[in-house]
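Each remark here refers to the structure printed beneath this line.
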Amino acid sequence: QVQLVESGGGLVQAGGSLRLSCAASGRTVSGYAMYWFRQAPGKEREFVAGISGGGDMVRYRDSVKGRFSISRDNAKNTVNLEMKNLKPEDTAVYYCNLGRTLGITISGGETWGQGTQVTVSS
């Protein structure tokens, strides 16, 4: 059983930056894509970014392209999300997710972290 724990959320002004981290424990996740999703109040959870098991392919939702960057360190069993030029519409709870395949599918898998709150003030 894999456990995912996110960290790094917080309150930031528009235009600011945050770095989210997700640490996996229980077993290695290097053979699986990893994802970040987010859910804003009153909205459905949505895909933000994904990275393949080997870290050689990434994918982003259009609204964060050029501002967010996903990376992973398979030796440390971690995945990160660098967020720059944050906007109020980025405000949400951000969740780490473990995929079921090596490649990116954007639907993610069944294993989720508890989430970390990101609030961007205008």
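Details
- Within the stretch 46-73, being of a type in the set (Gly, Ala, Ser), open to solvent by 50 Å² or more (accessible area, probe 1.4 Å) and touching a strand residue (DSSP E or B) at 6+ places or on another chain (Cβ under 6 Å) holds for one residue alone: Ser69.
- Residues in the stretch 83-122 that are of a type in the set (Asp, Glu), in contact (Cβ under 8 Å) with a residue 24 or more places away in the chain and farther than 20 Å from Leu18 by Cα: there are none.
- Residues satisfying the stated conditions in the stretch 88-113, i.e. open to solvent by 50 Å² or more (accessible area, probe 1.4 Å) and either under 23 Å from Gly53 (Cβ atoms) or small (Gly, Ala, Ser) (or both): Arg100, Thr101, Leu102, Thr105, Ile106, Ser107, Glu110, Trp112
- Number of positions in the stretch 41-81 that are under 18 Å from Ala24 (Cβ atoms) and of a type outside the set (A, V, I, L, M): 13
- Residue among Gln13, Gln1 that alone is more than 17 Å from Leu81 (Cβ to Cβ), open to solvent by 70 Å² or more (accessible area, probe 1.4 Å) and touching a strand residue (DSSP E or B) at 6+ places or on another chain (Cβ under 8 Å): Gln13
- Subset of the stretch 72-106 [assigned to a strand (DSSP E or B) and β-branched (Val, Ile, Thr)]: Thr78, Val79, Val93
- Residue list for the stretch 16-45, filter: assigned to a loop (DSSP other than H, G, I, E, B) and open to solvent by less than 50 Å² (accessible area, probe 1.4 Å): Gly16, Val29, Ser30, Gly31, Ala33, Ala40
- Cβ separations smaller than 8 Å between residues 6+ apart or across chains give the following pairs from the stretch 49-65 residues that are at positive phi to residues that are open to solvent by less than 60 Å² (accessible area, probe 1.4 Å): Gly55/Ser71; Gly55/Arg72; Gly55/Asn74.
The values are calculated or read from the model by the stated rules, or taken from the named source; none is laboratory data. Bear in mind that the values here come from a model prediction, so they are computed numbers and not experimental data. Cβ: placed from backbone, ideal geometry, glycine included. Neighbour counts: every protein chain shown. SASA here: full protein model, heavy atoms, side chains in, ligands and nucleic acids out. Shrake-Rupley method; radii C 1.70, N 1.55, O 1.52, S 1.80 Å.
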